1. So which residues in the range 401-414 are in contact with a Gly (Cβ under 8 Å, 6 or more places away or on another chain) and either surrounded by fewer than 21 Cβ atoms within 10 Å (Cβ to Cβ) or of a type in the set (Phe, Trp, Tyr) (or both), if there are any at all?
2. If you take the residues in the range 184-238 that are in contact with a Pro (Cβ under 6 Å, 6 or more places away or on another chain) and polar (S, T, N, Q), which one is surrounded by the fewest Cβ atoms within 10 Å (Cβ to Cβ)?
3. What are the residues in the range 156-197 that are closer than 17 Å to residue 44 by Cα and in a loop (DSSP other than H, G, I, E, B), if any?
4. Only one of 264, 237, 209 is among the basic types (Lys, Arg) and assigned to a strand (DSSP E or B); which?
5. Of the numbered conditions (1) in contact with a Lys or Arg (Cβ under 6 Å, 6 or more places away or on another chain); (2) in a loop (DSSP other than H, G, I, E, B); (3) free of Cβ contacts under 8 Å to residues at least 60 places away in the same chain, residue 216 fails exactly one; give the number of that condition.
6. Select from the range 1-24 the residues that are crowded, with 18+ Cβ neighbours inside 10 Å and at pLDDT below 75 and list them in ascending order.
Amino acid sequence: MQNQLFPIEKCRELIERKLGWGNSDSWQNQDFEVLSEKIFEETKVSLSVSTLKRVWGKVRYESTPNLATLNVLAKYAGFENWRDFTASHFSKVENAVTEPEEIPEKRKKNLPAKNVLIFIIPLVLLAFVAFLFAPKPLKKLHFEHIQFNSKPVTLGLPNSVIFQYDAQQSNADSVFIQQSWDHSLRVKVDKDKHEFASTYYYPGFYKAKLVLNDSVVKEHNLYIETDGWLGIAHSPKVPVYFSANQITKKEGIGISENDLASQKIDLHANTPMVSLYNVSKKIKVSSDNFRFQTQVKSTFNHGEAVCQFVSITLLCENGMHSIPLSIKGCIGKIGLILGNEGHPGKTNNLSGFGVDFSDWVSVLCEVKEKHVRIFVNKTLSFEGDFKHEIGPVIGLQYSFMGTGIMKDYTLEPL
């Protein structure tokens, strides 16, 4: 298994360089969601967030990824497939393993005819079977009067969404509803029915899609909103939620060790990533022109949380701005994201984002016509530009490794 792990680690390293998001130790759930989307856009194959987390060691998993997953990762890293990747990087090892034994000249001359037939007959049969089961040309898709809309049943999380659809006036063999950009969240539905319920566990902005055969024929915006502030302890399966009352403290809004203990989460045994969310389509502030300020404090610094990674993310309809913080000794492992463009600490001077969490840390971000200035504790820590259109800001997410608290935030247009 160790021999397989080394090429996987190398492939991960190439992908991390390509993304430019900084060390993956500080990646959060949303980072893997964006990576899943990027992989699908480039390879047209979807890898789920949970699969990517297993590959990056965020979720305990005993076996190595299957070949299909490795092929997709290699393709995204710039290779034809996993074999091409391993041949390019580990050719000496591969050749040592796969080079066939040379047949002595005498043995070549004495191969009996029946041995030749042993090889020929299966090949003929295989060709015949391939002919029988070869895919037939796809019929052209026809449809009209297609309907597709949705409505969340409540406010808050988790939340079920009722999708209403009508695809009867089409010649499609299969009808699917896809929760978002994530191809793995595509579910087959009955063509002759008109309603389907789906559950969402994280707040945010989604693009729901109606798919006939393999073609997206309808899509619409879907907001999964919070009812004010909501706390979440991330989990590979179903997250743990903390209500606004639970996370409202005297100092501000946060998740404490006692809050986690009440849900039987042991910080010292397995330090979780926790987040504070406030998502509403009523916010809608331009991501190109705004002023945002806040104060934060990380309150746990043991074990896995020794670096006290914190991120403040402005969630947008088509991406995000994400401001990282850590103790000063770990700034090489953080990454700043502006308009979906990464600025990793390994190749950018992010020393201004290294702080002392024994007191409150103030953060101010001003964006004018995509020109960004970020101040940490009133000191200019970053100035630069981004290019991509990522839509309006529709929510805020504060994430902490372990526990943390925030206060005094403002978000206003410029």
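1. 407, 408
2. 199
3. Of everything in the range 156-197, those that are closer than 17 Å to residue 44 by Cα and in a loop (DSSP other than H, G, I, E, B) turn out to be 179, 180, 181, 182.
4. On inspection, the qualifying residue turns out to be 209.
5. Only one criterion in (1) in contact with a Lys or Arg (Cβ under 6 Å, 6 or more places away or on another chain); (2) in a loop (DSSP other than H, G, I, E, B); (3) free of Cβ contacts under 8 Å to residues at least 60 places away in the same chain is unmet by residue 216, namely (2).
6. 22
Results for (1) assigned by TED's automatic domain parsing to the domain that holds residue 151; (2) within 27 Å of residue 223 (Cβ to Cβ); (3) buried (at least 22 other Cβ atoms within 10 Å of the Cβ); (4) not β-branched (Val, Ile, Thr), shown as yes or no for each residue.
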position: 257; (1), (2), (3), (4): no, no, no, yes
position: 266; (1), (2), (3), (4): no, no, no, yes
position: 272; (1), (2), (3), (4): no, yes, yes, yes
position: 281; (1), (2), (3), (4): no, yes, no, yes
position: 288; (1), (2), (3), (4): no, yes, no, yes
position: 303; (1), (2), (3), (4): no, no, no, yes
position: 310; (1), (2), (3), (4): no, yes, yes, no
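Residues checked against (1) of a type in the set (Ser, Thr, Tyr); (2) surrounded by 10 or more Cβ atoms within 10 Å (Cβ to Cβ); (3) modelled with pLDDT under 95:
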site	(1), (2), (3)
122	no, yes, yes
125	no, yes, yes
133	no, no, yes
140	no, no, yes
143	no, yes, yes
152	no, yes, no
159	no, yes, no
162	no, yes, no
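The values are calculated or read from the model by the stated rules, or taken from the named source; none is laboratory data. As the structure is a computational prediction, the values presented were derived from the model and not from experiment. No Cβ is skipped: glycine too gets one built from the backbone with ideal geometry, and neighbour counts run over all protein chains shown.
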